[in-house]
Amino acid sequence: MTAPLITVVGPTASGKSGLAVELAHRLAETGAPGEVINADSMQFYRGMDIGTAKVTEDEMRGIPHHLFDILDVSQEAAASEYQPLARQKIAEIRSRGGTPILVGGSGLYVRAAMDIIDFPPADHTVRTQLQQELTDRGSEALREELRAKDPASEAVIRDDRRLIRALEVVRITGGTFTAFMPPHRYEPSVEPVVQLGTDVPRPVLRERIGQRVHDMVRHGLADEVRALEHEGLRHGRTASRAIGYQQFLAVLDGQHTHAEAVEQTINATRKLARRQDTWFRADRRIAWVPALETDRLEQAMRIISSAAHG
């Protein structure tokens, strides 16, 4: 019998990594030990440890973890390139009798691993032109163009990187970016799949995010950013825009004070958590587990067992 792909998804600071490790150990008792596959796009980057709350060796508790630290900060992450890597890891873990556990809050990367998705074409020349237009004309002018040609995408896109990507697809294909996001359907080669979501009450999550950012700063986030600047952080289109890293690069430039960077990081992370929650709540296949309850592991295992016998 094929072990299910288990996903553990949800907003940042909701306890995904901890639950995944607990599940991996519990599944070992069933003879199909779990191994974790990363689906957080910022945790692909070597050296971006503190600011991404990357799981430490102690927190891994001996569980194999895959697809962490696979990119330099100057490289660009892409869901289309992640897709075959994740699916290869899923197959490898199953081949040795294990259970793959996909963990992360980057919704598109989760879907890339498990769903039927054909990624839209890319054109470096068009993207470079759009980046220059962003500099010359500003984001609002590009947003107006996207609103006219693909209003569904414009309504949900919040950052310039995705704005450029959506317009790139529009200009290349003459169609819409949203046309490439099909209904929620699992890739047959990846099935069976059981999706778990970590549910934390919003007021509690807000407090957890604030505390997490303060902990990151106390553990040396500013020094981590300073060190990564020498590794090419500023030149990384993805990494340089990561929450926390973007804000503390501005401190190095004298644009913000340390206190302003902390507050902006907290606010940006809370906004990210709301977007993540909205994304995952739209997927009716996800079973939500109260992440703060003492029996969360038992609840998760019951969901997995029910799916296996259902």
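The number of residues in the range 59-76 that are at negative phi, crowded, with 17+ Cβ neighbours inside 10 Å, out of contact with any His (no Cβ under 9 Å at 6 or more places or on another chain) and among the aliphatic types (A, V, I, L, M) comes to 1.
Among the conditions (1) modelled with pLDDT under 90; (2) over 30 Å from P290 (Cβ atoms); (3) not charged (D, E, K, R), the only one that L233 does not satisfy is (1). Answer yes or no: is there a residue in the range 184-192 that is in the same structural domain as L134 (by TED's automatic domain parsing) and among the β-branched types (V, I, T). No, the range 184-192 has no match at all.
If only one of L297, L252 is in the same structural domain as R226 (by TED's automatic domain parsing), over 18 Å from the mean Cα position of the chain (by Cα) and not polar (S, T, N, Q), which one is it?
L252
What are the residues in the range 20-53 that are more than 30 Å from D72 (Cβ to Cβ) and not charged (D, E, K, R), if any? Result: L23, H25, L27, A28, T30, G31, A32, P33. In the range 144-165, how many residues are under 21 Å from L272 (Cα atoms), out of contact with any Ser or Thr (no Cβ under 6 Å at 6 or more places or on another chain) and free of Cβ contacts under 8 Å to residues at least 60 places away in the same chain? Of the residues in the range 144-165, 8 are under 21 Å from L272 (Cα atoms), out of contact with any Ser or Thr (no Cβ under 6 Å at 6 or more places or on another chain) and free of Cβ contacts under 8 Å to residues at least 60 places away in the same chain. Sub-9 Å Cβ pairs linking a first residue in the range 62-74 that is within 12 Å of P100 (Cα to Cα) and modelled with pLDDT of 95 or more to a second residue that is among the small types (G, A, S) and in a strand (DSSP E or B), at least 6 apart or interchain, are I63/G34; P64/G34, ordered by first then second residue. Taking first residues from the range 18-41 that are over 14 Å from I90 (Cα atoms) and partners that are buried (at least 21 other Cβ atoms within 10 Å of the Cβ) and of a type in the set (S, T, Y), the Cβ contacts under 7 Å between residues at least 6 apart in sequence or on separate chains come to L19/T198; L27/T99; D40/T52; D40/S106; S41/S106; S41/Y109. Residues in the range 46-64 that are more than 19 Å from V217 (Cα to Cα) and touching a helix residue (DSSP H, G or I) at 6+ places or on another chain (Cβ under 9 Å): 6 in all. Quick check on the range 159-178: of everything there that is over 19 Å from A78 (Cβ atoms) and exposed (fewer than 14 other Cβ atoms within 10 Å of the Cβ), which residue is modelled with the highest pLDDT? Ranking the candidates gives G174 first. Using the structure shown, decide if V194 is of a type outside the set (S, T, N, Q), within 19 Å of I6 (Cα to Cα) and either exposed (fewer than 15 other Cβ atoms within 10 Å of the Cβ) or in contact (Cβ under 8 Å) with a residue 60 or more places away in the chain (or both). Taking the combined requirement at face value, the residue satisfies it. Only residues that are farther than 23 Å from R302 by Cα and not aromatic (F, W, Y) were counted across the range 1-49, and they come to 12. Residues in the range 261-278 that are surrounded by 18 or more Cβ atoms within 10 Å (Cβ to Cβ) and among the hydroxyl-bearing types (S, T, Y): T265, T269. Counting only residues that are surrounded by fewer than 20 Cβ atoms within 10 Å (Cβ to Cβ) and of a type in the set (S, T, Y), which one in the range 77-115 is modelled with the lowest pLDDT? Result: S80. Would you confirm whether or not the range 14-23 contains a residue that is among the charged types (D, E, K, R), buried (at least 22 other Cβ atoms within 10 Å of the Cβ) and at pLDDT 95 or above? Scanning the range 14-23, I find at least one residue that is among the charged types (D, E, K, R), buried (at least 22 other Cβ atoms within 10 Å of the Cβ) and at pLDDT 95 or above, so the answer is yes.
If you take the residues in the range 47-58 that are without any contact (Cβ under 8 Å) to a residue 40 or more places away in the chain and closer than 21 Å to K89 by Cβ, which one is surrounded by the most Cβ atoms within 10 Å (Cβ to Cβ)?
Going through the qualifying residues, I end up with V55.
Taking every residue in the range 114-129 that is in contact (Cβ under 8 Å) with a residue 60 or more places away in the chain and pairing it with any residue that is assigned to a helix (DSSP H, G or I) and aromatic (F, W, Y), at least 6 positions away or on another chain, the pairs with Cβ-Cβ distances below 8 Å are I117/F180; D118/F180; F119/F180; P120/F180.
The values are calculated or read from the model by the stated rules, or taken from the named source; none is laboratory data. Note that this is a predicted model, so its numbers are computed, not measured. Glycine gets a Cβ as well: all are built from the backbone with ideal geometry, and neighbour counts include every protein chain shown.
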